[in-house]
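Have a look at the structure below, then the notes.
The values are calculated or read from the model by the stated rules, or taken from the named source; none is laboratory data. Everything quoted here is computed from the prediction, not taken from an experiment. Don't worry about glycine lacking a Cβ; one is built from the backbone with ideal geometry, like all the others, and counts go over all protein chains shown. In case anyone asks, the SASA skips ligands and DNA or RNA and just uses the protein heavy atoms, side chains included. Shrake-Rupley method; radii C 1.70, N 1.55, O 1.52, S 1.80 Å.
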Amino acid sequence: MKPHLGVRQPAFPYLDGKGMIPSSMDKISPPITTALPFHIQTHLNIRKHLFLSSALFASFWIDLFVFLIRKFGFFGKFGTGVARFQVWLFEMGFNGLVFLDLGEFEMGFAYGFSGIRHAQTGAEITDTEASTRTQPRSNRSMSLGGMDYSDPKRKNNVVGKILLAATLTALCIIMLKQSPTFNSPSPFALHEEGVIHVLVTGGAGYIGSHAVLRLLKDGYRVTIVDNLSRGNLGAVKVLQELFPEPGRLQFIYADLGDPKTVNSIFSQNAFDAVMHFAAVAYVGESTMYPLKYYHNITSNTLVVLEAMAANDVKTLIYSSTCATYGEPEKMPITEETPQVPINPYGKAKKMAEDIILDFSKNSDMAIMILRYFNVIGSDPDGRLGEAPRPELREHGRISGACFDAARGIISGLKVKGTDYKTHDGTCIRDYIDVTDLVDAHVKALEKAMPGKVGIYNVGTGKGRSVKEFVKACKTATGVDIKVDFLPRRPGDYAEVFSDPSKINRELNWTAKHTDLQKSLQVAWRWQKLHRNGYGSPLLMAS
């Protein structure tokens, strides 16, 4: 049985067939969860349905009682009372059954009203059919237990209705509580010896999904929280198919900007640690929409930290960035390099770091902050890759732009800035393979110590220019990509590469996938097979 990927949000987002939220919400019909590529359901608030389900259950139970009365010949006052009770229910309109699958929290109703579709057969009774098949109630008689009983006139007995509702509601509550499924807590809500439960925010995104894959491979229990604004539901589907065992993987659709929702998630799950990836992360976009970045990065990190503190979650692995350093005067960058960010993305991340560090002074939380550089590559086994939204391609990573140009999605590659003070005039960056980056996060989780804060640069220690990157991309794809050289992009800096000696020394971590061309070849294989991202895979010529 596949693990139930329960969505703990009252209203599920509008999704298209590719498992993504369309940019234009007014062009689609209300959400249809059956169109999802894998089993996912909306969490039901059972209390809201108790009265309705109680009333619908009543007809079934009365039918059963009358059957037993007829079977064993027990009549008298009790039989007459039951018969009158059933007729009253029929007059009230509760002539149907409710089907409740407690294992999946699905409810389907089969009403006895005309024009309502039956929950099991799909048959529909039209108003015309109902009128031809139904006699006026005042002239009908019903045979109950061998007795002919004429329908009484409908009475408006308010007190009786209230007592009936209370009685049947109590009956439903008792029945639900007696259900083993209802009483059995979710494995995600329990601390289990030998099992570490990690919350991965942004786990449907490019880096986050790769981190989830590694954690699951290493035996961790994982909960993904993502609002799918940048992530891909298709990536979650891949992970769920790879690890279908119950209690391994859970997906929760939620926005970290909603404190009430976040607190509810933490209170209903037993997290041991948090890997906080969720963030908008494009330098160019941050200069256009700075408030969006401060809210999404800084404010949301505060919400997560408050929820961790309130629910006694003791370990935080924070995904930060080299953008907090700005444009240092000296290379390579060490952890002691002054942080002087020059764009809203870097500033928002630094503010979040400052909040975490201030909190740590009076807390015993184990905290690791990883400032990583430019991420490339994908899963070596081809299960996951990078699939940004089409409308964000302009702001995306250079690797994505190279692949789009190689596949003909865009006419060519635009290199912004050729007058920087570097050996070829283009920006120099430290490119880290996503597999190595995820390995650094897992090692940080393993080495995290209560009351201690670790801050580490995650990079290769070697800078490559944009022109060198483009050359490697042409070789990896086998396509002579057209390149257009344009003026500088606001917020960019000339040269950034890391000194990873501290993380090498303290976490025993070293980048292993340092061949730029090979990392691009691995990513290109996934891109060729997934022209539509996590939509339908395409088989293209090698």
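Going through the range 182-205 one residue at a time, which ones are out of contact with any Gly (no Cβ under 9 Å at 6 or more places or on another chain), open to solvent by less than 10 Å² (accessible area, probe 1.4 Å) and either closer than 13 Å to residue 441 by Cβ or of a type in the set (A, V, I, L, M) (or both)?
Across the range 182-205, the qualifying residues are 198, 199.
If we scan the range 403-425, do we find a residue that is modelled with pLDDT of 95 or more, out of contact with any strand residue (DSSP E or B) (no Cβ under 9 Å at 6 or more places or on another chain) and outside any strand (DSSP E or B)?
No, because not a single residue in the range 403-425 is modelled with pLDDT of 95 or more, out of contact with any strand residue (DSSP E or B) (no Cβ under 9 Å at 6 or more places or on another chain) and outside any strand (DSSP E or B).
Would you mind telling me which numbered condition in (1) in a loop (DSSP other than H, G, I, E, B); (2) open to solvent by 10 Å² or more (accessible area, probe 1.4 Å); (3) under 30 Å from residue 350 (Cβ atoms); (4) not hydrophobic (A, V, I, L, M, F, W, C) residue 378 fails?
Here residue 378 clears every test but (2).
When the residues of the range 206-234 are narrowed to those that are of a type in the set (D, E, K, R) and within 23 Å of residue 187 (Cα to Cα), which ends up most open to solvent (accessible area, probe 1.4 Å)? Before the answer, list the steps.
At the first step, the residues of the range 206-234 found to be of a type in the set (D, E, K, R) are 214, 217-218, 221, 226, 230.
This time we only want the ones that are within 23 Å of residue 187 (Cα to Cα), so: 214, 217-218, 221, 226.
Working: 214: 63, 217: 118, 218: 72, 221: 19, 226: 13 Å².
The selected residue is 217.
Run down 433, 439 and say which single residue is among the acidic types (Asp, Glu), within 24 Å of residue 422 (Cβ to Cβ) and in contact (Cβ under 8 Å) with a residue 24 or more places away in the chain.
Values: 439 fails: within 24 Å of residue 422 (Cβ to Cβ).
Within the list 433, 439, the selection yields 433.
Hey, can you tell me all the residues within the range 500-532 that are assigned to a loop (DSSP other than H, G, I, E, B) and open to solvent by 40 Å² or more (accessible area, probe 1.4 Å)?
Here is the first cut: in the range 500-532, the ones assigned to a loop (DSSP other than H, G, I, E, B) are 500, 507-515, 530-532.
Across the range 500-532, the qualifying residues are 508, 510, 512, 513, 514, 515, 531, 532.
What pairs come out if I take residues in the range 268-281 that are over 16 Å from residue 437 (Cα atoms) and open to solvent by less than 20 Å² (accessible area, probe 1.4 Å) and pair them with residues that are outside any helix (DSSP H, G or I) and among the basic types (Lys, Arg) whose C-beta lies under 7 Å away, six or more apart or interchain?
Once the first residue is over 16 Å from residue 437 (Cα atoms) and open to solvent by less than 20 Å² (accessible area, probe 1.4 Å) and sits in the range 268-281, its partners that are outside any helix (DSSP H, G or I) and among the basic types (Lys, Arg) give 280/230.
With respect to residue 415, is the statement that it is over 28 Å from the mean Cα position of the chain (by Cα), closer than 20 Å to residue 282 by Cβ and either surrounded by fewer than 22 Cβ atoms within 10 Å (Cβ to Cβ) or free of Cβ contacts under 8 Å to residues at least 40 places away in the same chain (or both) true?
Working: over 28 Å from the mean Cα position of the chain (by Cα): yes; closer than 20 Å to residue 282 by Cβ: yes; either surrounded by fewer than 22 Cβ atoms within 10 Å (Cβ to Cβ) or free of Cβ contacts under 8 Å to residues at least 40 places away in the same chain (or both): yes.
Against the criterion (over 28 Å from the mean Cα position of the chain (by Cα), closer than 20 Å to residue 282 by Cβ and either surrounded by fewer than 22 Cβ atoms within 10 Å (Cβ to Cβ) or free of Cβ contacts under 8 Å to residues at least 40 places away in the same chain (or both)), residue 415 qualifies.
Collect the residues in the range 481-490 that are within 26 Å of residue 341 (Cα to Cα) and either within 31 Å of the chain's Cα centre (by Cα) or assigned to a strand (DSSP E or B) (or both), keeping them in residue-number order. Step through it out loud before you land on a result.
Initially, the range 481-490 is screened for residues within 26 Å of residue 341 (Cα to Cα), giving 485-490.
Result: 485, 486.
Only one of 299, 286 is closer than 21 Å to residue 370 by Cβ and at pLDDT below 95; which? Break it down stepwise before answering.
On the way: 299 fails: at pLDDT below 95.
Only one candidate qualifies: 286.
Yes or no: residue 352 crowded, with 21+ Cβ neighbours inside 10 Å and either among the hydrophobic types (A, V, I, L, M, F, W, C) or in a loop (DSSP other than H, G, I, E, B) (or both)?
yes
Can you tell me which residues in the range 458-499 are closer than 13 Å to residue 521 by Cα, surrounded by fewer than 18 Cβ atoms within 10 Å (Cβ to Cβ) and out of contact with any helix residue (DSSP H, G or I) (no Cβ under 6 Å at 6 or more places or on another chain)?
Correct list: 471, 478.
Out of 364, 439, report the one residue that is modelled with pLDDT of 90 or more, charged (D, E, K, R) and in a helix (DSSP H, G or I).
439
Can you name the condition, by its number, that residue 502 falls short on among (1) among the basic types (Lys, Arg); (2) in contact (Cβ under 8 Å) with a residue 12 or more places away in the chain; (3) more than 19 Å from residue 369 (Cα to Cα)?
(3) is the only condition that residue 502 fails.
List pairs: first residue in the range 206-217 and modelled with pLDDT of 95 or more, second residue among the polar types (S, T, N, Q) anywhere in the structure, Cβ distance under 8 angstrom, at least six positions apart or on different chains.
207/319; 208/201; 209/232; 210/378; 210/435
Please verify whether residue 365 is in contact with a Leu (Cβ under 8 Å, 6 or more places away or on another chain) and surrounded by fewer than 23 Cβ atoms within 10 Å (Cβ to Cβ), treating the condition exactly as stated. Reasoning before the result, please.
On the way: in contact with a Leu (Cβ under 8 Å, 6 or more places away or on another chain): yes; surrounded by fewer than 23 Cβ atoms within 10 Å (Cβ to Cβ): yes.
Answer is yes for this residue.
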